[in-house]
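Peer 1: Have a look at this one.
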Amino acid sequence: MLGHNCSSCAYRKSGAYGWVPPTGVLTHGLLILGEFPQGEDASGGKPFLSPDGKLLERMISRTKDPLTLQSLRKEDFVVGSVLYCRPPGGFPPTGPMGEEALANCRAYWSEWIKENKPRAILALGNVAFQALTGEWGIDKLRGYEFRTPYGKVVGSYAPSYIRMGKFSHARVFMSDLLKAMAIASGKDFSIQKHYTLTPSVYDMERYKDSYFKAGCPPLAFDIETPYASVLKDEAINTDIEDITIEDDASYTIIRASFSFKRGEAISFPWIPPFIDYAKEMLSSKGEKMVWNGNFDIPRLAYNNVPVRGRIIDSMHAWHFLEPSLPMGLKFAATFSCPDMGAWKLESSSRPEFYSAADSDVLWRTHFYIVDALKAQGRWDIFSRHCVDLLQVLNQMSLIGVRTDGEKRKWKKRAFDRLYGWNLKSIQKHIPLELKPKKVYKKTEEQLRKMGAWVEGAMVTVVNMEKPPKPKKIKPVKEKKVKIAKVKKERKSRKTKDAPTQIPLGL
């Protein structure tokens with residue numbers, strides 16, 4: 001069976017095959033849509049029969065239903081894909097031909113959604129996610145709820161991606177599955193938020209006073225610079241030494257935000273007198289929280305706003321908790337702030353809200369991480385080694401360490417001599433078969449003459465001498481041979497006919 005658009009589809013003419021519509025039941029009201037069928041799926045006429053499908057089934061079965069505490073079953077979900085046939089060569093649909101095929105199949109699954117009305121959709125992979133939401137970037141946008149013409153959509157990783165060495169992301173898929181199920185069940189994640197987005201000077205002063213009256217509780221802060229989102233993403237894995245002031249735009253602060261209560265934040269422009277209030281709060285004795293302090297703190301210091309108190313980089317804490325997962329705040333927020341939509345997409349359309357949300361999400365994510373590390377008994381280790389020690393090392397780097405250059409050179413020479421003597425002395429204790437082979441380009445006889453032959457050592461002699469090249473005999477042209485022969489005959493004839501000369505004196 002084929003759809004009414006298949007006969008004219010360019011993919012069909014290029015070798016695509018199979019017809020794989022969605023199958024299953026909406027026990028949990030959830031439709032799971034992948035990208036396209038694999039070979040086994042197209043041959044069997046059912047989705048996820050391939051190794052990707054087996055992995056999907058295992059991940060679903062390892063997920064517990066939060067209501068019944070029983071393992072979930074793949075059969076209780078409707079599974080399918082946004083492309084009903086296997087693409088030519090099994091490659092993801094791209095280019096004009098792929099777009100045409102996706103548009104043709106959209107008529108099939110959109111009609112299925114209208115008839116069956118799933119309460120939520122879990123989109124697996126970038127192709128399915130973009131087909132449903134219009135957005136691209138599953139690694140940055142997975143786990144968030146999107147309102148679309150087809151219903152509520154949550155994105156997650158495709159099984160094929162997880163099978164490519166990303167098995168640590170299976171837990172992320174399970175979390176996204178549970179969130180999609182919760183949305184399908186009608187759960188409301190929203191919380192009451194109080195964001196001050198366009199504060200007056202009086203609002204800023206009152207916020208500062210309330211912070212000090214509360215006893216300087218842990219304060220989350222964030223700054224915005226031109227192209228901040230791009231620069232921060234690039235700086236995630238950059239050490240503080242690699243960040244320079246040559247990039248003037250990145251050191252120009254245009255906006256900042258604070259939060260010291262759950263669901264509350266203030267966003268303000270980086271102009272006087274707001275800067276003075278911010279400086280007073282950041283200089284307080286209270287604990288400070290930042291995400292990727294290697295980016296924010298040097299820029300604040302460059303603008304004469306030092307950050308004092310105990311500073312915790314929550315990004316480092318997240319990496320300590322989940323070392324195999326991405327380190328961005330928008331990724332971690334899907335676990336700690338299920339009420340948040342993809343606020344990072346609003347950096348241009350709603351910069352004030354985007355800035356305030358950064359600090360609020362940071363504050364809540366920080367304490368989510370702290371609670372998780374405490375439950376594992378690892379918070380004290382992180383606090384001691386990654387916060388307190390780092391504070392001391394940063395202070396040392398600012399002050400500097402006095403050194404004696406001449407003494408360092410003398411110590412290095414002494415170390416090199418001791419190292420060389422020890423290395424030589426242990427050679428006799430190393431079995432010959434464990435020693436690396438030495439490769440010589442000269443013959444053994446030549447090496448012995450040079451005194452470079454090591455008796456008893458494991459060596460490989462590569463004879464690089466080339467045999468002498470045979471002399472090339474130039475071909476003599478046939479015409480020249482004839483001429484030489486004629487000349488020789490003439491000469492012999494003259495000698496024969498010449499009169500006999502009698503030597504004088506005889």
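The values are calculated or read from the model by the stated rules, or taken from the named source; none is laboratory data. Treat the numbers as computed from the prediction; the structure is a model and nothing was measured. Note that each Cβ is placed from the backbone with ideal geometry, even for glycine, and that neighbours are counted across all protein chains shown. For the accessible areas, the whole protein counts, side chains as well, though only heavy atoms, and no ligand, DNA or RNA atoms are used. Shrake-Rupley method; radii C 1.70, N 1.55, O 1.52, S 1.80 Å.
Results for (1) outside any helix (DSSP H, G or I); (2) touching a Cys at 6+ places or on another chain (Cβ under 7 Å), shown as yes or no for each residue.
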{"residue": "Pro306", "(1), (2)": "yes, no"}
{"residue": "His319", "(1), (2)": "no, no"}
{"residue": "Pro323", "(1), (2)": "yes, no"}
{"residue": "Phe331", "(1), (2)": "no, no"}
{"residue": "Phe335", "(1), (2)": "no, no"}
{"residue": "Leu345", "(1), (2)": "no, no"}
{"residue": "Val361", "(1), (2)": "no, yes"}
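Peer 1: If you don't mind, another one. When segment 54-73 is examined, which residues are found to be open to solvent by less than 30 Å² (accessible area, probe 1.4 Å) and either at pLDDT below 95 or assigned to a loop (DSSP other than H, G, I, E, B) (or both)? Give the steps one after another, and end with the answer.
Peer 2: Our first condition is that a residue be open to solvent by less than 30 Å² (accessible area, probe 1.4 Å); within segment 54-73, this holds for 55-56, 59-60, 63, 65, 72.
Hits for segment 54-73 are Thr63, Asp65, Leu72.
Peer 1: Mind counting the residues in segment 347-359 that are open to solvent by 10 Å² or more (accessible area, probe 1.4 Å) and either touching a residue at least 40 places away in the same chain (Cβ under 8 Å) or part of a helix (DSSP H, G or I) (or both)?
Peer 2: Qualifying residue count for the region: 5.
Peer 1: Return yes or no: is Asp380 open to solvent by 30 Å² or more (accessible area, probe 1.4 Å) and not in a loop (DSSP other than H, G, I, E, B)?
Peer 2: yes
Peer 1: Of a type in the set (Ser, Thr, Tyr), in contact with a Cys (Cβ under 9 Å, 6 or more places away or on another chain) and either within 23 Å of Arg142 (Cβ to Cβ) or part of a helix (DSSP H, G or I) (or both), is that true of Thr365?
Peer 2: Yes, satisfied.
Peer 1: State all residues of segment 40-53 that are open to solvent by 80 Å² or more (accessible area, probe 1.4 Å) and acidic (Asp, Glu); if no residue qualifies, say none.
Peer 2: Listed by number, the list holds a single entry, Glu40.
Peer 1: Could you give me the residue pairs with C-beta distances under 6 Å whose first residue belongs to segment 293-309 and is open to solvent by 40 Å² or more (accessible area, probe 1.4 Å), whose second residue is modelled with pLDDT of 90 or more wherever it lies, and which are 6+ apart or on separate chains?
Peer 2: Close Cβ pairs satisfying both conditions: Ile297/Val307; Asn303/Ile253; Arg308/Ser283.
Peer 1: Follow-up question, since we're still on this one. For Ile191, work out the one condition from (1) open to solvent by 40 Å² or more (accessible area, probe 1.4 Å); (2) modelled with pLDDT of 95 or more it doesn't fulfil.
Peer 2: Among (1) open to solvent by 40 Å² or more (accessible area, probe 1.4 Å); (2) modelled with pLDDT of 95 or more, the lone unmet condition for Ile191 is (2).
Peer 1: Does Ala214 satisfy the criteria of being modelled with pLDDT of 95 or more and either open to solvent by less than 60 Å² (accessible area, probe 1.4 Å) or on the phi < 0 side of the Ramachandran plot (or both)?
Peer 2: yes
Peer 1: So, in segment 246-294, of the ones that are in a strand (DSSP E or B) and of a type in the set (A, V, I, L, M, F, W, C), which residue ends up nearest to Arg310 (Cα to Cα)?
Peer 2: Step one: filter segment 246-294 for residues in a strand (DSSP E or B), giving 255-261, 264-269, 288-290.
Of the ones still in play, those that are also of a type in the set (A, V, I, L, M, F, W, C) are 256, 258, 260, 265-266, 268, 289-290.
Working: Ala256: 20, Phe258: 16, Phe260: 15, Ala265: 21, Ile266: 21, Phe268: 24, Met289: 9, Val290: 11 Å.
Among those that are in a strand (DSSP E or B) and of a type in the set (A, V, I, L, M, F, W, C), it is Met289.
Peer 1: Looking at (1) among the aliphatic types (A, V, I, L, M); (2) within 27 Å of the chain's Cα centre (by Cα); (3) open to solvent by less than 10 Å² (accessible area, probe 1.4 Å), find the lone condition where Val127 falls short.
Peer 2: Failing condition for Val127: (3).
Peer 1: Which ranges mark the strands (runs of 3 or more DSSP E) fully within segment 74-154 that have 3 or more residues being within 24 Å of Gly341 (Cα to Cα)?
Peer 2: Working: elements: 78-81, 120-124, 145-148.
Those strands (runs of 3 or more DSSP E) span 120-124, 145-148.
Peer 1: Related question: Could you list all residues from segment 155-179 that are open to solvent by 20 Å² or more (accessible area, probe 1.4 Å) and part of a loop (DSSP other than H, G, I, E, B)?
Peer 2: Arg163, Met164, Gly165, Lys166
Peer 1: Could you list, ordered by first residue, the pairs with Cβ atoms under 7 Å in which the first is in segment 170-186 and of a type in the set (Phe, Trp, Tyr) and the second is open to solvent by less than 10 Å² (accessible area, probe 1.4 Å) and outside any helix (DSSP H, G or I), at least 6 apart or interchain?
Peer 2: Within 7 Å, the pairs are Phe173/Ser156; Phe173/Tyr157.
Peer 1: Taking Ile183 as meeting all but one of (1) farther than 20 Å from Lys114 by Cβ; (2) in a helix (DSSP H, G or I), write down the number of the exception.
Peer 2: All conditions are met except number (1).
Peer 1: Give segment 423-444 a look and list any residue that's surrounded by fewer than 10 Cβ atoms within 10 Å (Cβ to Cβ) and either at pLDDT 80 or above or in a helix (DSSP H, G or I) (or both), or say none. Let's see the steps before the verdict.
Peer 2: Residues of segment 423-444 that are surrounded by fewer than 10 Cβ atoms within 10 Å (Cβ to Cβ), as a first pass: 423-434, 436-437, 439.
Answer for segment 423-444, where residues must be surrounded by fewer than 10 Cβ atoms within 10 Å (Cβ to Cβ) and either at pLDDT 80 or above or in a helix (DSSP H, G or I) (or both): Leu423, Lys424, Ser425, Ile426, Gln427, Lys428, His429, Ile430, Pro431, Leu432, Glu433, Leu434.
Peer 1: Select, from Met315, Met340, the only residue that is closer than 19 Å to Phe260 by Cα, assigned to a loop (DSSP other than H, G, I, E, B) and open to solvent by less than 70 Å² (accessible area, probe 1.4 Å).
Peer 2: Within the list Met315, Met340, the selection yields Met340.
Peer 1: Determine if segment 77-99 includes at least one residue that is open to solvent by less than 70 Å² (accessible area, probe 1.4 Å), of a type in the set (Asp, Glu) and on the phi < 0 side of the Ramachandran plot. First the steps, then the outcome.
Peer 2: Our first condition is that a residue be open to solvent by less than 70 Å² (accessible area, probe 1.4 Å); within segment 77-99, this holds for 77-90, 92-93, 95, 98.
Checking the rest, the ones that are also of a type in the set (Asp, Glu) come to none.
Scanning segment 77-99, I find no residue that is open to solvent by less than 70 Å² (accessible area, probe 1.4 Å), of a type in the set (Asp, Glu) and on the phi < 0 side of the Ramachandran plot, so the answer is no.
For every residue, the table says whether it meets (1) touching a strand residue (DSSP E or B) at 6+ places or on another chain (Cβ under 6 Å); (2) surrounded by 23 or more Cβ atoms within 10 Å (Cβ to Cβ).
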| site | (1), (2) |
| --- | --- |
| Gly3 | no, no |
| Ser8 | no, no |
| Arg12 | no, no |
| Gly15 | no, no |
| Pro21 | no, no |
| Gly24 | yes, no |
| Gly29 | no, no |
| Gly34 | yes, yes |
| Gln38 | no, yes |
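Peer 1: Here's a check for you: in segment 130-140, which residue that is touching a helix residue (DSSP H, G or I) at 6+ places or on another chain (Cβ under 7 Å) and farther than 13 Å from Leu325 by Cα is surrounded by the most Cβ atoms within 10 Å (Cβ to Cβ)?
Peer 2: Applying the filter and picking the extreme gives Ala131.
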